[in-house]
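Below you'll find the structure, written out as C-alpha cells, and then a few comments.
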Amino acid sequence: MKKILLPVLSVLMSVGAFSQRQGEIIDEIQLRKMMMTYYSINQLYVDDIDPKRLIEDGINGMLKELDPHSIYTPAKEVQALNEPLDGGFDGIGVQYNMSEDTLVVIQPVSGGPSDKVGIICGDKIVAVNDTAIAGVKMSREEIMKRLRGPKGTKVKLGVIRRGIKDQLVFNVTRDKIPLYTIDAYYMIDSTTGYVRISSFGQTTHDEFVKICTRLRAKGMKDIVIDLQGNGGGYLQAAVMMADEFLSNNEMIVYTEGRSQGRRNFRASSGKMDIGKVVVLVDGYTASASEILSGALQDNDRGVIVGRRTFAKGLVQRPINLPDGSLIRLTVAHYYSPVGRCFQKPYVKGDRKSYDNDMLDRLNSGELTNPDSIHFPDSLKFKTVGGRTVYGGGGIMPDVYVPLDTTRYTRFHRELTAKGCVVQATLKFLDSHRKKFEKEYRIDEYRKAKKRENKGKEVEYDMTHFDRFKDSYEIPQELIDIVLEKAKEAKVVYNDSVLAASLPTIKLQLKALLARDLWDMSEYFQIINPLNEIYLKGLEAIKDEKYNSILSSSNN
C-alpha cells in the first residue's frame, strides 16, 4: 500500500507547496478527503480496478469541470499530440482524436497519403487491414502501431462517414509526413501573392519568409494570407508572423490571467517588405490565427475578409507530470492590441453547448445574413486608426462574406461525402497518368521540387501547368466514372440535377487532377474560384476605400 500512497502523498504535497507559493490557503482536510477516497476505492471496492486509471479518471473529472480547453493527455499520447506541430514521421498522415474508443480524423495532413485518397475531417477509422480497431477496447498505442509503418507500405482502412450508411474502404500508401504548415502559395496576378497557412508550428515563420522571398522575386507587392480552417498552434509562431508586418513596438497581443500577470508581445521592426495585406478567415479560424488576424486588424495593417472566427482565446500552460503525461491547463486569456478578448463565452463543465456553437451560429442566421449580427456598444472597440471593431469572441471581419447554402446541390454534397469524386479521379489517373506526365512534363516539376525542398532555390517552368489550368477540359470518360461511382454508392440523381451540378464537379475534378499531378498550390489555384471568401478578398485588395489600411506604414 505504501507504494501506492507515497506517489499520491508526493503529488499532494507538491500541490500544497505550489498553492502556498501563490498565496492560497489549502484546506488540508480536503486534500485528505481526496486521498482517503482513493485509498478506500482501491482497497475496498467490490470489483477489480486499475489504480492508474483511477487517478487518470480523477484528473479528467477535475479538468472536465473547467473550461473546454484544459485537458489531460496520457504519457503514451503526448508525442502524438505534438507531432503535428514539431516534426515528421512515416504514416498515413492524419491528425486525430479518440472519441470514446473510436479514432476520429480531425484533419488529414494536407497533400498526405490519407488526404490523397479522400479521407476527410470527421471520418472514423474503424478497421485496419480488416481488423476492427473500434469497439474492441484496443489501446491507442496498438492502434497507432497498426496505422504507422515504413514509407511505401500499404494499409487498408475501413472508414465510417457521417451520412453514409455503408463502411467505406481506402487503400493508403504510407509515406514520410513532413508536416509543413503552409499548404499552398502562388501569384494570383503580376503583383499579388497568395499564401495558405494550415497551422502555426515551429517552422511556420521560416516557411513564410522563404515563400515570400520566392513570391517577391516573381513581382509580389501585395499579399492574400488564407487562414480559413486554420486551427492555430504556437503563440510564438503567430507573434513572429505579425512582427513581419508591424512597426517597432506596436502591440501584437497580450495575455493575462488570475495568477498570471499581464504579458505584452510587441513588434520589433516590421521586416517584411509587403504593401497591402488581406487575411481570409472563417468559423474554423482559431487561436494563433486569431492572434495574427487581430494584430493586423487592430493596428490598421490589413483587412480581414470572411466570417467571424472560432473565438478560442484561452492560453494553455503545459504541466509535465512525473510519468510523462501532460496537463494543458488554461492560465490566461488572449487579448487583441485594443483589448478585445478572443474567447467566446462558455459555461464551465458544459462542453456540449460549446461544441454546438457553429450550429447555433447557423440557426441564428449569423453565417448567412449580416443583418442578423448585432453588437452592443460595450463590445465596440476602436483601432489605432479609429475604425470600429468588435469584441465578444473571435475576430469579426471587415468584409463579411455570407455562407452560400445554395451553391452545392444535394447530389454534389452526397457525391463528395461518399468519396465518389476522389475515387473517380484516382481511377482515371491509374490509366492516364503516363500520358499526363509526358504531355505536361511532370517529371521535370518533381525533380525541381525535390531540389527546392532540400533548401536549394530553383526555378522551374510552370507554363505546362498554366496550359493545363487554362485549356484542359474534363473528358466524358471521367464524368462516366463519377456516375459509375455514384451508382455503386447509391447516390440518386436526375438529368436536371446532374446538369446543375456538373460545372462544380468538373472544376473539383480538375483541381484534384492538378493536386495529384503537381501539388497543393496547383490544387488551390484551380479550386479557389469556387470560394466566395477568396473572391471577396481579391475585391478588397483592389478596393480604393481600403487603401488607408492596406498600405504599409513601412513603405
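When D519 is tested against (1) over 22 Å from T181 (Cα atoms); (2) surrounded by fewer than 20 Cβ atoms within 10 Å (Cβ to Cβ), only condition (1) is not met. Take Q236 and decide whether it is polar (S, T, N, Q), modelled with pLDDT of 95 or more and out of contact with any Ser or Thr (no Cβ under 6 Å at 6 or more places or on another chain). In short, no. Of P370, P322, all but one fail to be loosely packed, with under 14 Cβ neighbours inside 10 Å, on the phi < 0 side of the Ramachandran plot, in contact (Cβ under 8 Å) with a residue 60 or more places away in the chain and not β-branched (V, I, T); the exception is P322. Does any residue of the range 4-26 turn out to be loosely packed, with under 13 Cβ neighbours inside 10 Å, in a loop (DSSP other than H, G, I, E, B) and either modelled with pLDDT of 65 or more or in the same structural domain as E141 (by TED's automatic domain parsing) (or both)? No, that holds for no residue.
Criterion first (more than 19 Å from M520 (Cβ to Cβ), part of a helix (DSSP H, G or I), of a type outside the set (D, E) and under 27 Å from the mean Cα position of the chain (by Cα)) does H412 satisfy it? Here the answer is yes, as H412 does meet what is asked.
The residue that is surrounded by the fewest Cβ atoms within 10 Å (Cβ to Cβ), counting only those in the range 229-250 that are touching a strand residue (DSSP E or B) at 6+ places or on another chain (Cβ under 7 Å) and farther than 11 Å from S268 by Cβ, is Y234. Of all residues in the range 463-475, those that are among the charged types (D, E, K, R) have Cβ atoms under 8 Å from Cβ atoms of residues that are outside any helix (DSSP H, G or I), 6 or more apart or on another chain, in R467/Y440.
Inspect the range 348-366 for any residue being within 26 Å of N299 (Cα to Cα), of a type in the set (A, V, I, L, M) and under 25 Å from the mean Cα position of the chain (by Cα) and give the result as yes or no. No, because not a single residue in the range 348-366 is within 26 Å of N299 (Cα to Cα), of a type in the set (A, V, I, L, M) and under 25 Å from the mean Cα position of the chain (by Cα). Among the numbered conditions (1) touching a helix residue (DSSP H, G or I) at 6+ places or on another chain (Cβ under 7 Å); (2) without any contact (Cβ under 8 Å) to a residue 60 or more places away in the chain, the only one that S114 does not meet is (1). Looking for something on the phi > 0 side of the Ramachandran plot, over 21 Å from the mean Cα position of the chain (by Cα) and either among the polar types (S, T, N, Q) or assigned by TED's automatic domain parsing to the domain that holds V305 (or both) - is there at least one such residue anywhere in the range 205-220? Yes, that holds for at least one residue. Restricting the range 253-272 to residues that are out of contact with any Ser or Thr (no Cβ under 9 Å at 6 or more places or on another chain) and polar (S, T, N, Q), the residue that is surrounded by the most Cβ atoms within 10 Å (Cβ to Cβ) is T255. The conditions are (1) touching a residue at least 40 places away in the same chain (Cβ under 8 Å); (2) not in a helix (DSSP H, G or I), and F428 fails exactly one of them. Which is it? The number of the failed condition is (2).
Among the residues of the range 114-132, those identified as surrounded by 14 or more Cβ atoms within 10 Å (Cβ to Cβ), among the small types (G, A, S) and modelled with pLDDT of 90 or more are S114, A127. Would you point out which residue out of G219, G283, G201, G193 is of a type outside the set (S, T, Y) and farther than 23 Å from P529 by Cβ? Every option except G201 fails the conditions. Looking only at residues in the range 27-40 that are among the aliphatic types (A, V, I, L, M) and modelled with pLDDT under 90, the one that is surrounded by the fewest Cβ atoms within 10 Å (Cβ to Cβ) is I29. Scanning the range 133-163 for residues that are under 24 Å from the mean Cα position of the chain (by Cα), surrounded by 12 or more Cβ atoms within 10 Å (Cβ to Cβ) and in a loop (DSSP other than H, G, I, E, B) yields R148, R161. Residues of the range 218-228 that are assigned to a loop (DSSP other than H, G, I, E, B) and under 19 Å from T203 (Cβ atoms): L227 alone.
For residues that are of a type in the set (D, E, K, R) and in a helix (DSSP H, G or I), scanning just the range 282-311, find the one that is surrounded by the fewest Cβ atoms within 10 Å (Cβ to Cβ). Only one residue fits best here, namely D298.
The values are calculated or read from the model by the stated rules, or taken from the named source; none is laboratory data. Note that the coordinates shown come from a computational prediction; the quantities given were computed from them, not determined experimentally. Every residue, glycine among them, receives a Cβ derived from its backbone with ideal geometry; neighbour counts consider all protein chains shown.
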